1. Could you give the nm distance between label points at LEU109 and SER82, where each point is 7 Å from its Cα heading toward the beta carbon?
2. How long are the three semi-axes of the equivalent ellipsoid for the chain, computed from the Cα gyration tensor as the root of 5 times each eigenvalue, in whole Å, largest first?
3. Average the reciprocal distances over every distinct pair of alpha-carbons in region 54-117, invert the result, and give the Kirkwood radius in Å.
4. Solvent-accessible area per residue for region 7-146 at a 1.4 Å probe radius, Å²?
5. Mind putting a number on the dipole of the chain about its Cα centre? Charges go on the C-beta only, +1 for Lys and Arg and -1 for Asp and Glu, and I need it in Debye to the nearest 20.
6. Quick one: what does P(r) look like for region 5-86 with 5 Å bins over all Cα pairs, in whole %?
7. Given a Förster radius of 30 Å and the C-beta distance between THR168 and LEU123 as r, what FRET efficiency does 1/(1 + (r/R0)^6) yield to the nearest 0.05?
8. Hey, what's region 156-205 come to in accessible area per residue, 1.4 Å probe, Å²?
Amino acid sequence: RMETDSQDCKKQSCALLENTTQQIFSLVQRHSSIPDAGDGIFISHKFPQPIPVGTVLAFYPGVVYSNEEFEQLSLFIATNNSYLAKRTVDSSIIDANTSWDSYSGRVLLSILRRLGHISLVDLESPINYCRLFKNSFALGHLVNHPPLGSQANVKLLDLDFEEDEVTTSCRSAIPNVCFSLDKSSRKKTSVLISCLELVDGQELFLDYRFRTSSHCLPPWFR
């Protein structure tokens, strides 16, 4: 079982945000190796040593709802939405919906406008979280579930950043906004970390925890 040091992962996350990794690796979005799955996310890594287990690779972007908020708004948020991730630390929900016309798309637009962090060029469709937050690692929502016969090579880890743990520029690059209007200075996010060693050109796979008895499984999963 892999033990995860959250403080080390916070340091790694800040390094990604500050671009101090000296391009040890980058993420590439291209057609998935899974038939009919659309695009996926791949590792570009030019060094002979594999990327070790426990490496922070990406952020899961989007609007963060408390469990109570999500329960109240689930009819608007969850319908036909495959971009939801649940944070185990507090049961909050991150919605990385890529449509500006979705409920969370409208919430995101409203918050970013209020903060003055958006321009017309940012309003391209689908939502480009990398551009919005100036964070080239805000691609966790595009990582696919492993096909049958394969296993996940990344997992989600919930991180909460206090105001004094990150610089102002790094804080603004964390690709998440909270739906709640509370005054908490804590910045909530989830990151994808490697749970297997990874090499150049490898596609990332995250276990979506599908229930195999479900009748709503995507065709590529069956």
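The values are calculated or read from the model by the stated rules, or taken from the named source; none is laboratory data. Nothing here was measured: the structure is a model prediction, and the numbers come from that model. Note: ideal-geometry Cβ built from the backbone for every residue, glycine included; neighbour counts use all protein chains shown. Please note that ligands, DNA and RNA were not included when accessible areas were found on the heavy atoms of the full protein model with its side chains. Shrake-Rupley method; radii C 1.70, N 1.55, O 1.52, S 1.80 Å.
1. In this crude spin-label approximation the distance works out to 2.4 nm.
2. 25, 23, 17
3. Hydrodynamic radius (Kirkwood, Cα only) of region 54-117 equals 12.5 Å.
4. On a per-residue basis, region 7-146 sits at 51 Å².
5. Here the chain has a charge dipole of around 240 debye.
6. Result, from short to long distances: 3, 11, 15, 17, 17, 15, 14, 6, 2, 1 percent.
7. Taking R0 as 30 Å, the efficiency between THR168 and LEU123 is 0.75.
8. 47
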